[in-house]
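In what follows, a single structure is set out as structure tokens and then discussed.
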Amino acid sequence: MLRSAIYLICLFSFVTNYIIPCSAKDPNLNECAKKHGQESLQDILKGDPKYKIPNMTPLNLPEIMFTSGNLSVHLENVVVLGLEYSKIKEINMDLSKRHISVAILIDNVNLISDYNINGSILILPITGNGRANITFVGGEYRFDFDYVLNDKRDGQYMEIMNDTLTYKTKRSYYHFENLFGGNRALGEHMNTFLNEHWEDVQDDIGPALTKTISAIVKATLGGVISRVPFQEMFRP
């Protein structure tokens, strides 16, 4: 959901034709990439069918499913709001080692969806289905990856390897309607618990969710990577 959007923003910020390519020999390559990436960000967020970039204002996802321990979560009709306020904090490129790192800052992101949840989170059992509302405040999202270059008739194309997506937020808020079969007292107690222990909640479900999102988005990125030769991203 949110992480898939960040994953998309990070990569698309320097592989589309909205940006004047930076020179691979520029001693200020990172600053050049950050400058042009930020300039193009609003166009990127609007989407582009040519590169299979979805509209991200808002971002609509049909569903996302993940498990963490004995917790199972299924989200449907996901809407992510607030991505238009994304800012590129930094881009670090080591073309000799074929490694790139991109950090994105987003002040406030709101996620709304239908949900179905079952299992336990931290020490408490949880079950329910209904509407979910999740807000991330003061987020920094970092995408690191290696790449290899594959030769084709019209040039070399990037293939992402060893990708990781990490994040940290200053705060997050959770509200799930209709928990425990509509038991209002238990539902309010659980929502209060999740918000009081928001950092532990993120630590508990973060790895499983990030792994799932990474796999989904990596497949999506194939539509972009297969259409943009490496030499169009970076001048000699």
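Please treat every number below as a calculation from the coordinates, not as lab data. Keep in mind that this is a model prediction, so the values were computed, not measured. Note: ideal-geometry Cβ built from the backbone for every residue, glycine included; neighbour counts use all protein chains shown.
See the values below:
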quantity: Likely footprinting exposure, Ile100, Ile117, fewest C-beta neighbours within 10 Å first; calculated: Ile117, Ile100
quantity: Cβ-based exposure ranking for Asp203, Asp48, in which fewest neighbours within 10 Å come first; calculated: Asp203, Asp48
quantity: Residue-count net charge about Trp198 - beta-carbon cut-off 11 Å; Lys, Arg +1, Asp, Glu -1; calculated: -3
quantity: Residue-by-residue Karplus 3J(HN,Hα) for segment 162-172, coefficients 6.51, -1.76, 1.60, Hz, glycine and proline x; calculated: 6, 7, 9, 10, 10, 8, 8, 10, 7, 5, 9
quantity: Cut-off under 5 Å, modelled amide H: who pairs with Ser120 long-range; calculated: Asn70, Leu71, Ser72, Ile126
quantity: 3J(HN,Hα) from dihedral phi, segment 87-99, Karplus parametrisation 6.51/-1.76/1.60, rounded to Hz, x for glycine, proline; calculated: 9, 7, 7, 6, 10, 10, 10, 10, 5, 5, 9, 6, 9
quantity: Gain in span if fully extended, Ala208 to Asp48, counting 0.36 nm per residue against the direct Cα distance; calculated: 54.7 nm
quantity: In nm, spacing of pseudo-spin labels at His99 and Glu159 (7 Å Cα→C-beta vector); calculated: 2.1 nm
quantity: Distant-in-sequence amide H partners of Ala24 (H built 1.01 Å from N, under 5 Å); calculated: Arg235
quantity: Neighbour-count order for Val80, Val137, Val228, fewest beta carbons within 10 angstrom listed first; calculated: Val137, Val228, Val80
quantity: Spacing of the two label points (7 Å from each Cα toward its C-beta) at Ala185 and Asp151, in nm; calculated: 7.3 nm
